[in-house]
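Asks: Please find one structure pasted underneath; my questions will follow.
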Amino acid sequence: MQISGAQMVIEALIAEGVDTVFGYPGGAIMNVYDEIYKQDKFQHILTRHEQAAVHAAEGYSKASGKVGVSMITSGPGFTNAVTGLADAYMDSIPLVVISGQVPMSLIGTDAFQEIDAVGISRSCTKHNYLVTDAKDLPRILKEAFYIARTGRPGPVHVDIPKDVTAQVAEFDYDVELDLETYKPHVKGNPRQIKKAMEAIANAKRPLFYLGGGIINSNAAYEVRDLVHTTGIPAVETFMARGTLSYDDDLLIGMLGMHGSYAANMAMSETDLVIALGARFDDRVTGKLSEFAKNAAVIHVDIDPASISKLVNANYPIVGDVKNVVNEMLKLTSMVNSDNYEQWRETIENFAELHPLTFHEDTENIKPQWVVKRVGELLGDDANISTDVGQHQMWAAQFYPFTRPRQFVSSGGLGTMGFGFPAAMGVKAAVPEKTSINFTGDGSILMNCQELMTAVEKKLPVINIILNNNFLGMVRQWQTLFYDKRHSETDLSVQPDFVKLAEAFGGIGYRVTTKEEFDAALKEAVKKNIVAFIDVKVERFENVMPMVPSGGSLFNMMLLEKKESK
Amino acid sequence: MTDNTERRVVSVIVVNEASVLSRITDLFSGRGYNITSLTVAPIPESKYSRLTIVTSGSVRVIEQITKQLHKLIPVLRVYEHADLVEKEMALVKFPITENISDISAICNAYNGKIVNVGNDVIITMVADEPKRVDHYLQAIKKYNPKEIVRSGAVALER
């Protein structure tokens, strides 16, 4: 079938089963948008900024497990999208981002809205393409989707010059992929897996270290089986929240910089780390030389470059976590859960000694209370997204996650402005769940224009602004490590968030009491339109516990005991 | 990380396609790895090219370099050479007024010869192990070389 390059893009998306595309048109991509206008197989969601288009695709992908798609134009359209690409790359989110480019004859002439897009995206994508001939488009698009979703997932960028989208060529999407150089190793080595299981059987204080790769490979329920069958306690990374349900007896909590005392002490005391789809990020390990320093390490990861990158793995297993865990499950008869009874008791004692909690306040609303309260009111019925900052950590610490893909946040890159568009993507993917975005008074302003998208496309995200009139996390560091010099973090001058929401056709609530919060949340859920709930919270609350940057996990700053009155 | 830094030679077989060399060099610059020299040419009668990269780093860094290179989609194979034959070339331009027979004799000692004689200059070529090319360039200093150009290394496993 002879069709134009622009039509090929549409046909390829349909063949890939894409139901939602997030994007923003412009000169160089107009031929493709003209074809979008003519079709009715997938919906297009017009964001109000290209960065938001990519974040929304990320949220969609994280919540659904499918490849997210966004479409943008050349030059500034593309450069606006780079933050989203980098974010998806850091968090291994499968995306295909299609950008328009100036016509081939103008490439390299500093033409209007020209930028070396593939040159820019090379360092923040899993792979990228500049399409120079329409006859290559079917193969390239098929490869792009395949590369994005296989192996360690990631964003793939396809840059298409305008004349290529107009060019007519043969379209056959049933082509066999011939990627001789790309063969992800998905099956773990059986001998290594057996050795790892022997190490588990012989360990006295083994500990599961659960990472975001588990969510990416849809392995959470297999991991739950493995944890319960072996009776080995588990800590989760920020990216793995929801792998185990919050009320699971074997879940110690989140570890790392703002992890629980019990989780970090368990990691410090363990004699065998069983890392599944985790990459030993510096926010998790703290000081590397002190991290689990008496432990052997089993490391399961699909990315060979992640294994032994930071912490030497005694039992390296390259493979998809789901496959490897399924193989491990076949060997669990080697492991006797009773052997770890004493270890489980030790961990319980850690948890009792310094539980993850906060001090209630009768005068001010504590941000942690808000997170817990949303959990009590909505629980499993909500999907949770966050922006980046203190509110993000409180959400990860205190929300009662019950399932994988319930929590969507920017982990690796830490992108302020991620939350609202991502929550729209989540809502588009899972419309039956309430989509909550915990945000801060700093973060929300970075993509608040998406109010318009959410209103227009009926994506009723409830943005809960934990408003402390500060760039809270930076203020916390300034308080603790810069002698309270709060340089440029005071956000006392603010827009009226209620009016801002209303100006776009949404609904806004200003909340200063717990009763008002309950009423606002219930009404926002019931009204089912995009909302800002501006919650005035305690200004100087810190995220605790905390491991100072570069410190050891076992040397945590803990919540100060409340003075008795 | 107290590992010793060592000179290493890494060969990379890549698919011949647009911007593949940028992918390789971006990886090095983006991760702060060092490139001492880089040589690239197509492998005859194939769709691949071979890059020979001379780099340096600790065992851990070299391991990361090979793993990260292998992650790139167009990379077919990565070899980190241990026992290899390694050669490098240098072209040197001398004033014709220098002692040509002396220069010629030195070139011979380093697998080289005079490859061009002009009105004002002569050009010599040597092809030898990188260390020996260093020695050659030391030896010819007193003949006032006007220009020196070195290739990167090429290497094959024994």
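Asks: Within the bounds of the range A:165-177, is there any residue that is within 14 Å of chain B (Cβ to nearest Cβ), open to solvent by 70 Å² or more (accessible area, probe 1.4 Å), without any contact (Cβ under 8 Å) to a residue 24 or more places away in the chain and of a type in the set (Asp, Glu)?
Replies: no
Asks: Suppose the filter is assigned by TED's automatic domain parsing to the domain that holds B:ASN16, more than 17 Å from B:VAL154 (Cα to Cα), of a type outside the set (Ser, Thr, Tyr) and at pLDDT below 95; does B:VAL75 pass it?
Replies: no
Asks: Please go through the range A:410-434 and pick out each residue that is under 23 Å from A:LYS536 (Cβ atoms) and either surrounded by fewer than 24 Cβ atoms within 10 Å (Cβ to Cβ) or polar (S, T, N, Q) (or both). Let's see the steps before the verdict.
Replies: Narrowing the range A:410-434 to residues under 23 Å from A:LYS536 (Cβ atoms): A:416-417, A:419-420, A:423, A:434.
Selection gives A:MET416, A:THR434.
Asks: Among (1) out of contact with any helix residue (DSSP H, G or I) (no Cβ under 9 Å at 6 or more places or on another chain); (2) open to solvent by 80 Å² or more (accessible area, probe 1.4 Å); (3) closer than 25 Å to B:THR36 by Cα, there is one condition B:ALA155 misses while meeting the rest; what is its number?
Replies: Checking B:ALA155 against (1) out of contact with any helix residue (DSSP H, G or I) (no Cβ under 9 Å at 6 or more places or on another chain); (2) open to solvent by 80 Å² or more (accessible area, probe 1.4 Å); (3) closer than 25 Å to B:THR36 by Cα, the one that fails is (2).
Asks: So is A:VAL284 open to solvent by 10 Å² or more (accessible area, probe 1.4 Å), outside any loop (DSSP other than H, G, I, E, B), of a type in the set (A, V, I, L, M, F, W, C) and touching a strand residue (DSSP E or B) at 6+ places or on another chain (Cβ under 9 Å) or not?
Replies: The answer is yes for A:VAL284.
Asks: So, one more: For the range B:1-102, which strands (runs of 3 or more DSSP E) that fit wholly inside it have 1 or more residues that are within 11 Å of another protein chain (Cβ to nearest Cβ) and open to solvent by less than 70 Å² (accessible area, probe 1.4 Å)? Give the steps one after another, and end with the answer.
Replies: Details: elements: B:6-15, B:34-42, B:48-57, B:75-80, B:84-95.
Ranges flagged: B:6-15, B:48-57, B:75-80.
Asks: Only one of (1) open to solvent by less than 10 Å² (accessible area, probe 1.4 Å); (2) within 14 Å of chain B (Cβ to nearest Cβ) is not met by A:PRO206, so which one is it?
Replies: (2)
Asks: Anything in the range A:122-152 that is at the interface with another protein chain (Cβ under 9 Å from one of its Cβ atoms), touching a residue at least 12 places away in the same chain (Cβ under 8 Å) and assigned to a helix (DSSP H, G or I)? List them, or say none.
Replies: A:GLU143, A:ILE147
Asks: Just for the range A:104-121: of the residues that are without any contact (Cβ under 8 Å) to a residue 60 or more places away in the chain, open to solvent by 10 Å² or more (accessible area, probe 1.4 Å) and closer than 18 Å to A:SER70 by Cβ, which one is nearest to the other protein chains (Cβ to nearest Cβ)?
Replies: A:VAL118
Asks: Can you find even one residue in the range A:146-159 that is more than 28 Å from the chain's Cα centre (by Cα) and not small (Gly, Ala, Ser)?
Replies: No: the range A:146-159 contains no residue that is more than 28 Å from the chain's Cα centre (by Cα) and not small (Gly, Ala, Ser).
Asks: Right, something else. What number goes with the only condition from (1) more than 23 Å from the chain's Cα centre (by Cα); (2) under 14 Å from A:GLU50 (Cβ atoms); (3) crowded, with 24+ Cβ neighbours inside 10 Å that A:SER70 does not pass?
Replies: (1)
Asks: Within the range A:485-496, is even one residue touching a His at 6+ places or on another chain (Cβ under 6 Å), surrounded by 14 or more Cβ atoms within 10 Å (Cβ to Cβ) and closer than 24 Å to A:ASN542 by Cα?
Replies: The answer is no; no qualifying residue exists.
The values are calculated or read from the model by the stated rules, or taken from the named source; none is laboratory data. Just so it is clear, the model here is predicted, and its values are computed rather than measured. Positions of Cβ are backbone-derived with ideal geometry, glycine not excepted, and every protein chain shown enters the neighbour counts. When the accessible area is computed, the model is the full protein with side chains, heavy atoms only, and any ligands, DNA or RNA have been set aside. Shrake-Rupley method; radii C 1.70, N 1.55, O 1.52, S 1.80 Å.
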